[in-house]
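The values are calculated or read from the model by the stated rules, or taken from the named source; none is laboratory data. Keep in mind the model is a prediction, meaning the values are calculated, not measured. Here the Cβ is made from the backbone with ideal geometry for all residues, glycine too, and neighbour counts use every protein chain on show.
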Amino acid sequence: MSITDDRQWVEPGHVYVVGTPIGNLDDFSLRGQAVLRQVDRILCEDTRETLVLCRYFNIQRPLVSFHAHNAKLRLPQISSWLRQGESLALVSDRGMPAVSDPGQELIAWLYANQMPFSVVPGPSAQVTAFTASGFPHPYVFWGFLPAGGTARRQCLKDMHDIPYTAVLYEAPHHMAKTVADLTEFFGSDYPVVIGRELTKHFEEYWRGTLGLLANTRTAWKGEIVVVLGPSPRQAFSDEPQWNLVIQEVERLVKQGCTIKEATQQIASQHHISRRELYNRVQKSRRD
């Protein structure tokens with residue numbers, strides 16, 4: 001695809017939600033570059049951050065701040081520009097807008113006012129870190145944890161109760177507290193992968209347990225993604241330890257569960273086939 005200076009990539013009265021690089025600027029897609037070159041204005045989380053991107057790719061378009069603190073004031077202005085036939089792009093500092101970044105309010109407003117928009121996909125730190133973790137899907141993205149209090153503890157409890165891989169973002173100066181809180185709720189043997197400075201020169205992936213993490217890492221720098229595996233037993237092994245899993249089923253049966261109920265509950269906890277577990281339990285009983 002060639003990038004030209006005409007308007008073939010944008011339409012009048014249209015908003016383009018554009019994903020930008022999460023670190024390495026050369027990850028910016030050709031389509032994303034073309035759209036930013038051709039829209040009338042670029043709505044930015046921080047104009048200073050977007051200016052760096054625009055200068056790198058020689059994009060010369062007006063930059064307009066749009067973030068959580070001025071969104072309500074900007075929306076009437078955005079409406080006016082769109083009704084005049086201007087095309088606009090929305091970007092966040094890094095990655096996809098509206099993913100732990102400003103953008104949700106604008107997209108909801110576009111739906112409510114039947115304004116057309118398109119999403120131009122780009123890199124995402126959560127997807128990058130999950131891919132590198134080696135943990136099974138599905139995964140749940142939690143964004144940034146609440147700063148503290150009841151909301152934080154409830155979020156940690158919810159995260160613990162949902163039996164899927166969990167992905168969350170964290171700032172370096174909050175990592176020590178977050179690791180301590182995660183260890184309290186999940187246990188020191190819980191598997192974790194840390195992605196730091198993703199796609200940048202000092203990119204790092206660290207894999208181990210929460211206990212090992214707390215004891216070996218005290219200083220943190222850069223932007224961080226935390227990925228928690230769904231269970232200690234399954235995270236580092238392709239094959240379940242069937243004898244232990246079957247023992248868990250039999251323990252529930254002794255407590256009053258039917259075999260069907262017990263296998264369903266344990267299979268869900270360990271992300272394994274309920275049918276296969278049921279068959280193995282029956283075979284173990286026959287043997």
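The set of residues in the stretch 253-282 being part of a helix (DSSP H, G or I), closer than 20 Å to ASP161 by Cβ and either touching a residue at least 24 places away in the same chain (Cβ under 8 Å) or in contact with a Ser or Thr (Cβ under 9 Å, 6 or more places away or on another chain) (or both) consists of ALA267, SER268, GLN269, HIS270, ARG274. Here GLY195 does not qualify as surrounded by fewer than 17 Cβ atoms within 10 Å (Cβ to Cβ) and either over 25 Å from GLY95 (Cβ atoms) or touching a residue at least 24 places away in the same chain (Cβ under 8 Å) (or both).
Just one of the numbered conditions (1) in a strand (DSSP E or B); (2) without any contact (Cβ under 8 Å) to a residue 60 or more places away in the chain is not true of ALA180; which one? It is condition (1) that ALA180 fails.
When every residue of the stretch 6-26 is checked against the conditions, none turns out to be part of a loop (DSSP other than H, G, I, E, B), of a type in the set (Asp, Glu), more than 14 Å from ASP93 (Cβ to Cβ) and in contact with a Lys or Arg (Cβ under 8 Å, 6 or more places away or on another chain). For the stretch 50-73, a residue qualifies if it is at pLDDT 95 or above, among the charged types (D, E, K, R) and under 28 Å from the mean Cα position of the chain (by Cα), and exactly one does: ARG55. Taking (1) touching a residue at least 24 places away in the same chain (Cβ under 8 Å); (2) under 14 Å from the mean Cα position of the chain (by Cα) in turn, LYS200 satisfies each apart from (2).
If you check VAL91 against the conditions, is it surrounded by 17 or more Cβ atoms within 10 Å (Cβ to Cβ) and in contact (Cβ under 8 Å) with a residue 40 or more places away in the chain? The answer is yes for VAL91. Within the stretch 105-125, the set of residues being outside any strand (DSSP E or B) and over 15 Å from the mean Cα position of the chain (by Cα) comprises GLU105, LEU106, ILE107, ALA108, TRP109, LEU110, TYR111, ALA112, ASN113, GLN114, MET115, PRO116.
Each row is one residue, and each column tells you yes or no for (1) closer than 18 Å to ARG37 by Cα; (2) at pLDDT below 95; (3) among the hydroxyl-bearing types (Ser, Thr, Tyr).
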{"position": "LEU88", "(1), (2), (3)": "yes, no, no"}
{"position": "VAL91", "(1), (2), (3)": "yes, no, no"}
{"position": "SER100", "(1), (2), (3)": "no, yes, yes"}
{"position": "SER118", "(1), (2), (3)": "yes, no, yes"}
{"position": "GLN126", "(1), (2), (3)": "no, no, no"}
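Among the residues making up the stretch 103-125, a single one is without any contact (Cβ under 8 Å) to a residue 24 or more places away in the chain and closer than 27 Å to GLY195 by Cβ: GLN104.
Of the residues making up the stretch 127-152, those that are under 26 Å from HIS270 (Cβ atoms), out of contact with any Gly (no Cβ under 8 Å at 6 or more places or on another chain) and assigned to a helix (DSSP H, G or I) are VAL127, PHE130, THR131. With respect to ARG74, determine if the residue is of a type outside the set (Gly, Ala, Ser), within 12 Å of ARG41 (Cβ to Cβ) and assigned to a loop (DSSP other than H, G, I, E, B). Criteria not met by ARG74.
Kindly evaluate LEU82 against the criterion of being buried (at least 18 other Cβ atoms within 10 Å of the Cβ), part of a helix (DSSP H, G or I) and either touching a residue at least 60 places away in the same chain (Cβ under 8 Å) or not aromatic (Phe, Trp, Tyr) (or both). The answer is yes for LEU82.
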